Amino acid sequence: MKRTDNSQKVNLPDLKFTPQLDMEMKPYYQKVKRVIPEIEWPIHAPYVKAINELKKERNAVLLVHNYQTPEIYHCVADFVGDSLALSKEAARTDADIIIQCGVHFMAETSKILNPNKIVLSPDLDAGCSLAESITAEDVVGLKEKYPGVPVVTYVNTSAEVKAESDICCTSGNAQRVIESLGVRKVIFIPDKYLAQNIAKETDIEIITWDNGSCEVHELFTPEDLIEARDSVDNLKIIAHPECPPNVISEADFSGSTAKMIEWVSENKPDKVMMVTECSMSDNISAENPDVEFIRPCNLCPHMKKITLPKILDNLLYLNNEVKIDPVIAKKAFHAVDRMIKLDIS
Ligand code: 13P
Ligand code: SF4
């Protein structure tokens, strides 16, 4: 395997927007011109060029979540996807450096799967309300209260919480992970709404954690969906399963971010409302020019902490390295790897 000498300093790039750079970067602008105004492109273009050059020099891979802004998603990503796809990619990459363009738990998952690689986060403060809703001590308390009941943990959690868990899951495979265990009862942490949504689809009894919810998806109400349907003819509505169950009941389809994208490209609706984080509609509308997107706009403030200048800093200075206590990482690996080995999407 190729190993780059990452102790070497790299040259600072020139970040001026010149006519020559403008010409050179035209193919990238073509990908985002429907969602990034022309006046904003000179801010992004020099960073896109510098990042794409430096990531080759560093043998770095950029794993980009579907909620990242279009200039990141379309112009510098090596892989885009939902939490499940990104963790599978992290497990198999042969790059020396992983730059995780997403929130902290995603970067930690990559480090858990690749303890010997350098994993960098453009912003170590990019958190998640779900990950912050539960601690390892809380999980120990649940295990004491329900002895013998397996703990299924949504990946939106810290490494310490994963280390106390039997198996992880994502929104793309949660039901199938639960059903793979061959038990009648599970503890599902920490997302109470995801747990309630799965409970409607399975016979397995689910013990929930009542403090956990996504601060972005919990803002949607059934009325938002009903009003949109009443005011837009022929509208299809698709929603992320972190939304409350009464919101999901009003939607035509619910699935992980990757499954929502798949649904749009397979069904090619005339008009669609994506009930999830804002940037998803921008990213997907760039690829589906014939679909009209109705955009309810709830931003994830944590995902939006990731920017091109911060990604460039990662590549220049190898800053913001994600580190996990090796004992915790080893225990957490068991839960994440068990999910990946099930190989379900
Ligand atoms: P996905 O795994 O569906 O991409 O969801 C991650 C997430 O944080 C949604 O809020
Ligand atoms: Fe966490 Fe919600 Fe942001 Fe996803 S959208 S990262 S669940 S706060």
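The values are calculated or read from the model by the stated rules, or taken from the named source; none is laboratory data. Bear in mind that the values here come from a model prediction, so they are computed numbers and not experimental data. Neighbour counts are summed over all protein chains in view; Cβ atoms, including those assigned to glycine, are modelled from backbone coordinates with ideal geometry.
Looking across segment 127-159 at every residue that is in a loop (DSSP other than H, G, I, E, B) and small (Gly, Ala, Ser), the one that is farthest from ligand 2 (Cβ to nearest atom) is identified as Gly148.
Counting the residues of segment 259-291 that are in contact (Cβ under 8 Å) with a residue 24 or more places away in the chain and more than 16 Å from ligand 1 (Cβ to nearest atom) gives 11. Would you confirm whether or not segment 210-217 contains a residue that is farther than 21 Å from Thr135 by Cβ, within 12 Å of ligand 1 (Cβ to nearest atom), out of contact with any Pro (no Cβ under 7 Å at 6 or more places or on another chain) and modelled with pLDDT of 95 or more? Checked against the condition, which is being farther than 21 Å from Thr135 by Cβ, within 12 Å of ligand 1 (Cβ to nearest atom), out of contact with any Pro (no Cβ under 7 Å at 6 or more places or on another chain) and modelled with pLDDT of 95 or more, segment 210-217 yields at least one hit. Looking at segment 71-84, is at least one residue out of contact with any strand residue (DSSP E or B) (no Cβ under 9 Å at 6 or more places or on another chain), modelled with pLDDT of 95 or more, under 13 Å from Asn283 (Cα atoms) and not in a loop (DSSP other than H, G, I, E, B)? Yes, segment 71-84 contains a residue that is out of contact with any strand residue (DSSP E or B) (no Cβ under 9 Å at 6 or more places or on another chain), modelled with pLDDT of 95 or more, under 13 Å from Asn283 (Cα atoms) and not in a loop (DSSP other than H, G, I, E, B). Look at (1) on the phi < 0 side of the Ramachandran plot; (2) over 20 Å from the mean Cα position of the chain (by Cα); (3) hydrophobic (A, V, I, L, M, F, W, C); (4) at pLDDT 95 or above and you find that Leu318 fails only one, number (1).
Residues that are away from ligand 2 (no atom under 16 Å from the Cβ): list the helices (runs of 4 or more DSSP H) wholly contained in segment 164-257 that include at least 2 such residues.
The helices (runs of 4 or more DSSP H) meeting that bar are 174-180, 222-231, 245-248.
Of all residues in segment 274-321, those satisfying the criterion of being assigned to a helix (DSSP H, G or I) and among the β-branched types (Val, Ile, Thr) are Ile284, Ile311. A search for C-beta distances below 6 Å between a residue of segment 104-118 that is part of a helix (DSSP H, G or I) and any residue that is more than 13 Å from ligand 1 (Cβ to nearest atom) and among the hydroxyl-bearing types (Ser, Thr, Tyr), counting only pairs 6+ apart in sequence or on different chains, returns Ala107/Ser121. If only residues of segment 326-345 that are in contact (Cβ under 8 Å) with a residue 40 or more places away in the chain and part of a loop (DSSP other than H, G, I, E, B) are counted, the one that is nearest to Asp82 (Cα to Cα) is Ser345.
Across segment 125-166, the qualifying residues are those that are of a type in the set (D, E, K, R) and touching a residue at least 24 places away in the same chain (Cβ under 8 Å), and the one among them that is surrounded by the fewest Cβ atoms within 10 Å (Cβ to Cβ) is Asp125.
Does Ile36 count as buried (at least 19 other Cβ atoms within 10 Å of the Cβ), among the β-branched types (Val, Ile, Thr) and part of a loop (DSSP other than H, G, I, E, B)?
yes
Pairs meeting the criteria (first residue in segment 209-220 and hydroxyl-bearing (Ser, Thr, Tyr), second residue in a loop (DSSP other than H, G, I, E, B), beta carbons under 9 Å, at least 6 apart or on different chains) are Ser213/Ser129; Ser213/Leu130; Ser213/Pro190; Ser213/Asp191; Ser213/Glu242; Ser213/Pro244. Among residues belonging to segment 218-258 that are away from ligand 1 (no atom under 12 Å from the Cβ) and small (Gly, Ala, Ser), point out the one that is surrounded by the most Cβ atoms within 10 Å (Cβ to Cβ). This residue is Ala251. Against the test of being under 30 Å from Thr135 (Cα atoms), more than 19 Å from the chain's Cα centre (by Cα), modelled with pLDDT of 95 or more and among the aliphatic types (A, V, I, L, M), the options Ile306, Ile328 yield a single qualifying residue, Ile328. Taking residues in segment 184-207 that are free of Cβ contacts under 8 Å to residues at least 40 places away in the same chain and under 18 Å from Ser133 (Cβ atoms), and partners anywhere that are among the aromatic types (Phe, Trp, Tyr) and away from ligand 1 (no atom under 16 Å from the Cβ), the pairs with Cβ atoms closer than 9 Å and at least 6 places apart or on different chains are Phe188/Trp209; Lys192/Trp209; Ala195/Trp209. The set of residues in segment 91-112 that are under 15 Å from Val155 (Cβ atoms) and modelled with pLDDT under 95 contains only Ala91.
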